[in-house]
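Before any comments, here is the structure.
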Amino acid sequence: MEAIIGYNLNLSNVAEFFIRFGLNVLVIIIIAKYVYFRVRHNKDYLFTLLMFNMIVFFICYFLSSIELSLGFAFGIFAIFSILRYRTETVPIKEMTYMFIAISIAIINAIASPSVCLIEMIFTNAAIVGLTYILEKAWIRNEVKQMIIYEKIELIKPERQSDLIKDIEERTGLKINRYEIGKIDFLRDTALINVFYYN
């Protein structure tokens, strides 16, 4: 019996499926949990990265054996292109991680059978390595924090060093730079965006 209720019983490709899926899961867990989450600490996006990756992997893997028409292929692309979060603005860094998660799933799901396992492992390792190097070693993660500051006399350009010293003493942060926003002379306060490396 070759099929039951339309499902193929040919198990010859099962090993290939599990190897591809295992490699995909390993790579996305390393990137999401051990690179992204250690820097960004956002559980919502961690969940999104993992689920996006796995769902895209399954979709691409099971559709890769189907000879799709051009219109249907464009339709699938359109579905991915309109996916967006309307409730909040997604930061560019998170969007980049989502693109990485989707790309890894596509690479692992529909790579040609002529691509050997070593090439697949190298490609995935290169993505993980480059993501880690850019996130942790080469590009430092600058964090912005807005504070309401009441020592308005220190916001003058000539008292910049005093301002930074005072903010560092109060917050315990090593301030890299700052930007003065709205100044309220009635309340003697100023909104200051301070930037520090995480």
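Brief remarks follow.
- Considering only residues in region 110-162 that are free of Cβ contacts under 8 Å to residues at least 60 places away in the same chain, among the β-branched types (Val, Ile, Thr) and open to solvent by 60 Å² or more (accessible area, probe 1.4 Å), the one that is nearest to Ile30 (Cα to Cα) turns out to be Ile133.
- Unique residue being at pLDDT below 85, more than 15 Å from the chain's Cα centre (by Cα) and either part of a helix (DSSP H, G or I) or under 30 Å from Phe47 (Cα atoms) (or both) when the list is Lys165, Lys136, Lys144: Lys144
The values are calculated or read from the model by the stated rules, or taken from the named source; none is laboratory data. In this text the structure is predicted, and so the values were computed from the model without any measurement. Reconstructed Cβ throughout: ideal geometry from the backbone, glycine too, with neighbour counts over all protein chains shown. Surface accessibility is based on the protein's heavy atoms, side chains included, excluding ligands, DNA and RNA. Shrake-Rupley method; radii C 1.70, N 1.55, O 1.52, S 1.80 Å.
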